[in-house]
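One structure is given here, and the rest of the page talks about it.
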Amino acid sequence: MKVVLFCGGMGLRLRDYSENVPKPMVPIGYRPILWHIMKYYAHYGHKDFVLALGYKADAIKEYFLRYDECVSNDFVLSGGGKSVELIDSDIRDWRITFVDTGVRSGIGRRLKLVQPYLEGEDTFLANYADNLTDCPLPVICDRFVAGNKVCTLLAARPRLSFHVVAVDGASTVSGIHPMSSAGLWINGGYFAFKRRIFDYLNLGDDLVGDAFPALIRDGEVNAYSHEGFWASMETFKDRQELEDLYVRGEAPWAVWESAKAAIRARGNNHVAASLR
C-alpha cells in the first residue's frame, strides 16, 4: 500500500529546531524522525510514499535530493576514496512523491490535496509523521482487512506524566492516580484507509474534527489497541527522550534493527556450529 505522510508541522514547541527545520526533519540520531517513520513502513514492505508537504517544504526536498546512504549504512571505501561500495541501503528501492499542500493547511486539506496521487489505490496507509511505535504493522493491516471499515487507527496509551484527579461534589478529591492507569486510549496517528475516506472529506474539512464524526456515525472506524511502545514528538523534552533511547541502543520503534540483529545471530550460530 502507498503511505501518505503529513509533513506540514512547524514544531512550535520544539525550541532550537522549529525556526530552522520543519518538525518532520528534527533529528533522532543520524536521521530525522520522518526517516525513522519511513524506515518503519519500509521494513514491512510499504515503500511507496506520498509526502504532503507544508512548512519549509524545501528543506525536506533538499534532504532527499542530497541523501547520503553512507551516513546510516556500513560501506567499503577503496581506491583512495574514489570508490564506495554500500553493504546496506536505506532508500534505493523507495519511491517518494513530494506534494506541496500549503503552509497553513490542516490534515484534512492535505489529505484531500494528495488524492490525485492515490488514483487506482483502493486502500492506503497514513501517518502524522511525528510519532513512533513498535507495533507490528501487519496486525493493524489485518484488523483493517478483517473489520472491513473505511478506517482503522492505532489506539495508544498516553505517555504523559500527569495524574488524573477524581473529584466528588464541588471540591472533595476522592482519588488521584497516574494517567497511565486511567484506562485512556488516544489516537496514535497510524491509519489504514479505504479510498472511500474521500467521500467523507471536503477540501476545507479537518480529518478528525469533521470526517471522523461522520465515519463513526456510520460505523466505519475501528481500532487496534496497542499496549506497547508509542511516543509522539511534541516538545523538546519528547525529542530528548527519544534521542536518549536511540543513543542507548534501546529504540523500540527501530524494528528493522531487531530484524538485522536476529539475522546476524543466526549467521553467527551457523558459523559456530560449522566450527564444532
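In the set SER105, SER89, which member is farther than 23 Å from ARG66 by Cβ and outside any helix (DSSP H, G or I)? Being farther than 23 Å from ARG66 by Cβ and outside any helix (DSSP H, G or I) holds for just one of SER105, SER89, which is SER105. For region 170-227, the candidate set comprises residues that are surrounded by 13 or more Cβ atoms within 10 Å (Cβ to Cβ) and basic (Lys, Arg); within that set, the residue that is farthest from the chain's Cα centre (by Cα) is ARG196.
Residues in region 169-195 that are at pLDDT 95 or above and hydroxyl-bearing (Ser, Thr, Tyr): TYR190 alone. Taken together, the residues in region 33-46 that are buried (at least 24 other Cβ atoms within 10 Å of the Cβ) and without any contact (Cβ under 8 Å) to a residue 60 or more places away in the chain amount to 1. The set of residues in region 181-202 that are more than 24 Å from VAL145 (Cβ to Cβ) and in contact with a Leu (Cβ under 8 Å, 6 or more places away or on another chain) is empty.
Answer with yes or no whether ARG15 is basic (Lys, Arg) and modelled with pLDDT under 90. Walk me through it before giving the result.
Numbers: basic (Lys, Arg): yes; modelled with pLDDT under 90: yes.
Yes.
Residues in region 155-169 that are in contact with a helix residue (DSSP H, G or I) (Cβ under 6 Å, 6 or more places away or on another chain) and open to solvent by 70 Å² or more (accessible area, probe 1.4 Å): 2 in all. Taken over region 34-56, the criterion of being more than 16 Å from ALA126 (Cβ to Cβ) and modelled with pLDDT of 95 or more is satisfied by TRP35, HIS36, LYS39, HIS43, GLY45. For region 129-143, a tally of residues being surrounded by 16 or more Cβ atoms within 10 Å (Cβ to Cβ) and not in a loop (DSSP other than H, G, I, E, B) returns 7.
If the Cβ limit is 7 Å and pairs must be 6+ apart or interchain, which residue in region 96-112 that is farther than 22 Å from ASP199 by Cα and of a type in the set (S, T, N, Q) pairs with which residue that is open to solvent by less than 70 Å² (accessible area, probe 1.4 Å) and at pLDDT 95 or above? Here the result reads THR97/PHE49; THR97/VAL50; THR97/LEU51, each pair linking region 96-112 to a residue that is open to solvent by less than 70 Å² (accessible area, probe 1.4 Å) and at pLDDT 95 or above.
Each row is one residue, and each column tells you yes or no for (1) within 24 Å of ALA223 (Cβ to Cβ); (2) open to solvent by less than 50 Å² (accessible area, probe 1.4 Å); (3) touching a Gly at 6+ places or on another chain (Cβ under 9 Å).
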site: ASN73; (1), (2), (3): no, yes, no
site: LYS82; (1), (2), (3): no, no, no
site: TRP94; (1), (2), (3): no, yes, no
site: VAL99; (1), (2), (3): no, yes, no
site: LEU125; (1), (2), (3): yes, yes, no
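Check ALA166, ALA146, ALA126 and return the single one that is part of a strand (DSSP E or B), at pLDDT 95 or above and farther than 20 Å from LEU242 by Cα. Answer to the selection: ALA126. Restricting GLU243, GLU220, GLU227 to residues that are at pLDDT 90 or above, among the charged types (D, E, K, R) and in contact with a Gly (Cβ under 8 Å, 6 or more places away or on another chain) narrows the list to GLU243.
When the criteria are applied in full, PHE49 meets the requirement of being open to solvent by less than 30 Å² (accessible area, probe 1.4 Å), hydrophobic (A, V, I, L, M, F, W, C) and closer than 21 Å to LEU111 by Cα.
When region 228-242 is filtered for residues that are open to solvent by less than 30 Å² (accessible area, probe 1.4 Å) and charged (D, E, K, R), only ARG239 remains. Screening region 108-123 for residues that are open to solvent by 30 Å² or more (accessible area, probe 1.4 Å) and either among the basic types (Lys, Arg) or assigned to a strand (DSSP E or B) (or both) and picking the one that is farthest from LEU53 (Cα to Cα) gives THR123.
The values are calculated or read from the model by the stated rules, or taken from the named source; none is laboratory data. From a predicted model like this one, the values you see are computed outputs, not experimental measurements. Backbone-built Cβ (ideal geometry, glycine too); neighbour counts: all protein chains shown. To get the accessible areas, we keep the full protein, side chains included, count just its heavy atoms, and leave off ligands, DNA and RNA. Shrake-Rupley method; radii C 1.70, N 1.55, O 1.52, S 1.80 Å.
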